[in-house]
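Student: One structure coming up, written as structure tokens, with questions to follow.
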Amino acid sequence: MSEHIAQPTNINLINSSFLIGTPILAATSLVYYSMNYGISWFEPVIFFFFYFASGLSITAGYHRLFSHRTHKGEWPLRLFYALFGAAAFQNSAIKWCSDHRRHHLKTDEDEDPYSVTDGFVWAHIGWVMVDQGDEIVEHVEDLQADKILAWQDRHIFLIGFLVGIVLPGLVGFALLGNIHGLLGGMIYGGFLRVVVVHHATFLINSAAHTWGTQPYSTANTSKDSPLLSFFTFGEGYHNFHHTFQADYRNGHRWYHWDPSKWLIQTASWFGLTKDLHKIPDKSIESRRMKATFERKVEGQYIESDYQEKLSDCVSQLRKGFTDLMERRKEFKQAKKSKKQQSKSSWKSMKEAHRNRIKQCKMKIAEARNEFKILMKSLKDKRTNKPASA
Ligand SMILES: [Zn+2]
Ligand SMILES: [Zn+2]
């Protein structure tokens, strides 16, 4: 990592001054403000509004819509992301996505702009503060063709200043009608919020490549951390994301904390997003099975029948999910013709559909159980105990 050592000649003065200056400005202005005005309902409201607006514009907008094209977004939403993404002070969407696409293409390699293999601090903040030669903007022709994003790229700092600092000040002034509101808006909705959103999103490059589990792949340093998702608008499921980057969700289960996913889903009800791409459950779970197996056998000689058993489990699981989807579709179709049937014939038909669905679920459960037995036999093999199955 010698090329990343900060020298007076390669420090990016503008970025460094901004990243060091904003926490100092936020802290000193908070002390002054608290001593003069204290705190009421207004400060948390303005903070959280601008926190979610700018943070989600980065995660749902810059990341999942623009970088990965996991769904389509209508122009009012793209404009919102362009305005509030600028307010997060993380450069224009075009430049952000160019770096991010390179991060996925070259994860942990020299070309990865924020590779954690060069250190936690480098991945978190160092890469922004040190110049890495000429700025590379590539693989973003699709975004450069978007008029909203091209306009944002041309005026990024002015938009950021107006939406990220001036706007919260004006909202504060409008709400409280005095200098107290103006200052409170600028400090809580502006300075403090910028610092918190900065470090929340920076954690995805540093912490999400350092701490957590790797349920889907060990091909790179990306990790899953539900805890981190609370601070990163759902981006903590980073191993899932690196494995299935075309999915608009990072937390793929309904109970996974992922506000970015919920925003994209909610926007689809109003026609603002469409074509939300989901990786099928069968692909997610079979990938997880394979990764678990690979982890267990790492560095060991394994007879081919273990590999065959794994393939059986995976194909049984995939078939179970495919059949389940089919049976559910058939049941849905049958429900449409419900009115044309007598009560008793519909009742027996419903029962038959439910039974077929149940059988598919049992097949899936069986595949999961077979896999558990396989894992146990591998464990027994390691400890030289006779396999129980
Ligand atoms: Zn990504
Ligand atoms: Zn990553």
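Student: Any chance the range 136-159 includes a residue that's more than 20 Å from residue 98 (Cβ to Cβ) and away from ligand 2 (no atom under 15 Å from the Cβ)?
Tutor: Yes, that holds for at least one residue.
Student: Give the residue, chosen from 200, 219, 267, 208, that is in the same structural domain as residue 50 (by TED's automatic domain parsing), more than 10 Å from the chain's Cα centre (by Cα) and within 14 Å of ligand 1 (Cβ to nearest atom).
Tutor: Just a single option satisfies the conditions, and that option is 208.
Student: Still on this model: Only residues in the range 102-114 that are in contact (Cβ under 8 Å) with a residue 24 or more places away in the chain and within 16 Å of residue 90 (Cα to Cα) count as the first member; pair them with residues that are in a loop (DSSP other than H, G, I, E, B) and more than 13 Å from ligand 1 (Cβ to nearest atom), Cβ under 9 angstrom, at least 6 apart or cross-chain, and list the lot.
Tutor: 103/115; 114/206
Student: Condition first: within 15 Å of ligand 2 (Cβ to nearest atom) and surrounded by fewer than 24 Cβ atoms within 10 Å (Cβ to Cβ). Now tell me which residues in the range 247-265 satisfy that.
Tutor: Hit for the range 247-265 is 247, nothing else.
Student: Can you tell me which residue within the range 208-230, out of those that are β-branched (Val, Ile, Thr) and more than 12 Å from ligand 2 (Cβ to nearest atom), is nearest to residue 118 (Cα to Cα)?
Tutor: 218
Student: Going by what's in this entry, would residue 176 be described as of a type outside the set (Ser, Thr, Tyr), on the phi < 0 side of the Ramachandran plot and surrounded by fewer than 22 Cβ atoms within 10 Å (Cβ to Cβ)?
Tutor: Yes, satisfied.
Student: Between 320, 251, which is more than 17 Å from residue 63 (Cα to Cα) and either outside the structural domain of residue 58 (by TED's automatic domain parsing) or not basic (Lys, Arg) (or both)?
Tutor: 320
Student: Residues that are of a type in the set (A, V, I, L, M) and either within 10 Å of residue 317 (Cα to Cα) or surrounded by 16 or more Cβ atoms within 10 Å (Cβ to Cβ) (or both): does the range 348-356 have at least one?
Tutor: Yes, the conditions are met somewhere in the range 348-356.
Student: Check 233, 240, 191 and return the single one that is out of contact with any strand residue (DSSP E or B) (no Cβ under 8 Å at 6 or more places or on another chain), in the same structural domain as residue 86 (by TED's automatic domain parsing) and within 16 Å of ligand 2 (Cβ to nearest atom).
Tutor: 233
Student: Return a yes/no flag: does the range 98-118 have any residue that is assigned to a helix (DSSP H, G or I), assigned by TED's automatic domain parsing to the domain that holds residue 52 and of a type in the set (Phe, Trp, Tyr).
Tutor: no
Student: Scan the range 140-163 and tell me whether some residue there is within 16 Å of ligand 1 (Cβ to nearest atom), surrounded by fewer than 18 Cβ atoms within 10 Å (Cβ to Cβ) and assigned by TED's automatic domain parsing to the domain that holds residue 244.
Tutor: yes
Student: Identify the residue in the range 68-90 that is under 23 Å from residue 124 (Cα atoms) and surrounded by fewer than 22 Cβ atoms within 10 Å (Cβ to Cβ) and, among all such residues, is farthest from ligand 1 (Cβ to nearest atom).
Tutor: Restricting to residues being under 23 Å from residue 124 (Cα atoms) and surrounded by fewer than 22 Cβ atoms within 10 Å (Cβ to Cβ), the top hit is 89.
Student: In the range 109-130, how many residues are out of contact with any Pro (no Cβ under 9 Å at 6 or more places or on another chain) and buried (at least 16 other Cβ atoms within 10 Å of the Cβ)?
Tutor: Count: 14.
Student: Let me ask something additional. State whether the residues of the range 199-212 include one that is over 25 Å from residue 23 (Cα atoms), crowded, with 18+ Cβ neighbours inside 10 Å and in contact with a strand residue (DSSP E or B) (Cβ under 9 Å, 6 or more places away or on another chain).
Tutor: Yes; the residues of the range 199-212 include at least one that is over 25 Å from residue 23 (Cα atoms), crowded, with 18+ Cβ neighbours inside 10 Å and in contact with a strand residue (DSSP E or B) (Cβ under 9 Å, 6 or more places away or on another chain).
Student: Can you confirm whether the range 15-29 contains a residue that is assigned to a helix (DSSP H, G or I) and touching a Pro at 6+ places or on another chain (Cβ under 9 Å)?
Tutor: Within the range 15-29, not a single residue is assigned to a helix (DSSP H, G or I) and touching a Pro at 6+ places or on another chain (Cβ under 9 Å).
Student: Report, ordered by the first and then the second residue, all pairs with beta carbons closer than 7 Å, sequence separation of six or more or different chains, a first member in the range 47-73 that is modelled with pLDDT under 95, and a second member that is in a helix (DSSP H, G or I) and within 14 Å of ligand 1 (Cβ to nearest atom).
Tutor: Correct list of pairs: empty, since none qualify.
Student: Counting just the residues of the range 332-389 that are in contact with a helix residue (DSSP H, G or I) (Cβ under 6 Å, 6 or more places away or on another chain) and not assigned by TED's automatic domain parsing to the domain that holds residue 289, which one comes out modelled with the highest pLDDT?
Tutor: Taking the candidates together, the pick is 387.
The values are calculated or read from the model by the stated rules, or taken from the named source; none is laboratory data. Note that this is a predicted model, so its numbers are computed, not measured. Reconstructed Cβ throughout: ideal geometry from the backbone, glycine too, with neighbour counts over all protein chains shown.
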